[in-house]
Amino acid sequence: MKQHLKFDGPSCPGTMSTTWSKCGKPVCACKDRMPSLHGPYYRWTGFVAGRRTTRTISETAAAECKRRIMNYRNMQKLLDALLRDALDRAPWIEETARKTRRQAGGGKRGERR
């Protein structure tokens, strides 16, 4: 299996979420029995410098982040497949297979049948 990593534009790890919320004003439509919440608010969550970080971003930025997250996940799937293939062809796999074939043949090493 010979494949090359092909990137479909920039990528970004993380997740996107959308939320609606209530504000702090005591007299607001979001406080009614049938509330009309504020939002939607778009949030990106990921790791920055080893720390989990959440950022509230615009709708336009959220659409771009979603596209980049999908690019990242597709790239990760391809990389995982390439690594599995590389491990299937690793030198120690071939050594183990030769030893197993030798042992399955019976007898001692160097002994002719």
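The values are calculated or read from the model by the stated rules, or taken from the named source; none is laboratory data. If you're wondering where the values come from, they're calculated on a predicted model, not measured in any experiment. Here the Cβ positions follow ideal geometry from the backbone for every residue, glycine too, while neighbour counts run over all protein chains shown.
Odds and ends about this structure:
- The one condition in (1) surrounded by 11 or more Cβ atoms within 10 Å (Cβ to Cβ); (2) within 36 Å of the chain's Cα centre (by Cα) that A49 fails to fulfil: (1)
- Scanning region 19-40 for residues that are touching a Lys or Arg at 6+ places or on another chain (Cβ under 9 Å) and charged (D, E, K, R) yields a total of 3.
- Taking the criterion of being assigned to a helix (DSSP H, G or I) and under 21 Å from the mean Cα position of the chain (by Cα), the residues of region 54-66 that qualify are A61, A62, A63, E64, C65, K66.
- The residues in region 8-23 that are surrounded by 12 or more Cβ atoms within 10 Å (Cβ to Cβ) and in contact (Cβ under 8 Å) with a residue 24 or more places away in the chain can be counted, and the count is 8.
- Residues of region 11-29 that are in contact with a Phe, Trp or Tyr (Cβ under 9 Å, 6 or more places away or on another chain) and modelled with pLDDT under 90: S11, C12.
- Top-ranked residue in region 67-79 [being of a type outside the set (V, I, T) and within 10 Å of the chain's Cα centre (by Cα); ranked as surrounded by the fewest Cβ atoms within 10 Å (Cβ to Cβ)]: K77
- Considered as a group, the residues in region 73-113 that are more than 30 Å from S11 (Cβ to Cβ) and among the basic types (K, R) include one that is modelled with the lowest pLDDT, and that residue is R113.
- Within region 30-45, the set of residues being modelled with pLDDT of 95 or more and either surrounded by fewer than 13 Cβ atoms within 10 Å (Cβ to Cβ) or closer than 26 Å to L79 by Cβ (or both) comprises W44, T45.
- Pairs are defined by a Cβ separation below 7 Å, a sequence spacing of at least 6 or placement on different chains, a first member in region 24-40 that is closer than 19 Å to T56 by Cβ and touching a residue at least 12 places away in the same chain (Cβ under 8 Å), and a second member that is hydrophobic (A, V, I, L, M, F, W, C) and part of a loop (DSSP other than H, G, I, E, B); the pairs so defined are H38/C23.
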